[in-house]
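Written out below as structure tokens is the structure these notes cover.
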Amino acid sequence: MTLTEFRARARQDLQDEDAANYRWTNDQIDGEIERVVREFSLSLPLEQQTDLATTNGSRDIDISSLTKRLKIFSLEFPLDYRPRCLQKFEVYMDTLLMEVQGNGDNARLRWGKQHTVDALSSTIPEQYDEVIVLGATGYLATSASVYTVDRATIAGRDATINFLKWGQDRLSRYEQQLRAIRRKKVGVSDLTLEKSI
């Protein structure tokens, strides 16, 4: 789904589809979608592979070009060895420190990146679209119930309490989904943590 489609789905679940009387602004909904996309990305990052040049005689590799980087899974250097030659490393800010010195050749990094959702595209796998909607609507509902708890409403105090419970239930299911995604991911690969020297 695109951002526009995620927003429409969130409004549908929140029963907030009257454009003349929106309870939430587009910016509020988009902000919670962005928050959930960041959280989702920590559980299932967008997998990337990038070759970066090493520097002769240096153990440092500049990784500032890896935008929206969440974690480094592995570092292969030198390349084209069989079996692959995976190096231990540590990361400090935008520098990766290898265990061995470079020679000017490329090193291969496999890394996880934050997903993106914008007006025309999304990197979220389609089977997880509803997880994003679930989390965003849960956050929106609980924040709205906190805002209205001391204000008079036509439906009365029970409506606010019910809205809070509905939002909390959605957040609970969302967090269960994220845990399931993390368990599934860890089962596929043991390269989910950055190695350290």
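Every read-out reported here was derived from the displayed coordinates using simple, explicitly stated rules and does not represent laboratory data. The model shown is predicted, which means the values in this text are computed figures rather than measured ones. Neighbour counts run over all protein chains shown; Cβ positions are idealised from the backbone, glycine included.
Data overview
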| quantity | calculated |
| --- | --- |
| Farthest positive-ward along region 46-113 dipole, Cα basis, beta-carbon charges - from 103, 46, 89 | 46 |
| Only Lys, Arg (+1) and Asp, Glu (-1) charged, at Cβ; region 49-123 dipole about Cα centre in debye | 300 debye |
| Convex hull per residue volume in Å³, alpha carbons only, for region 46-113 | 75 Å³ |
| Count, lysine Cα pairs under 30 Å in the chain, 8 or more residues apart or across chains | 20 |
| Taking the chain and dividing mean pair separation by its residue count, relative contact order in percent (alpha carbons under 8 Å, at least six apart) | 29 percent |
| Residues with amide H under 5 Å from that of residue 58, placed H, sequence gap 5 or more | 102 |
| Only Lys, Arg (+1) and Asp, Glu (-1) charged, at Cβ; region 36-86 dipole about Cα centre in debye | 140 debye |
| Gain on full stretching of the segment that runs from residue 110 to residue 169 - 0.36 nm per residue minus C-alpha separation | 17.6 nm |
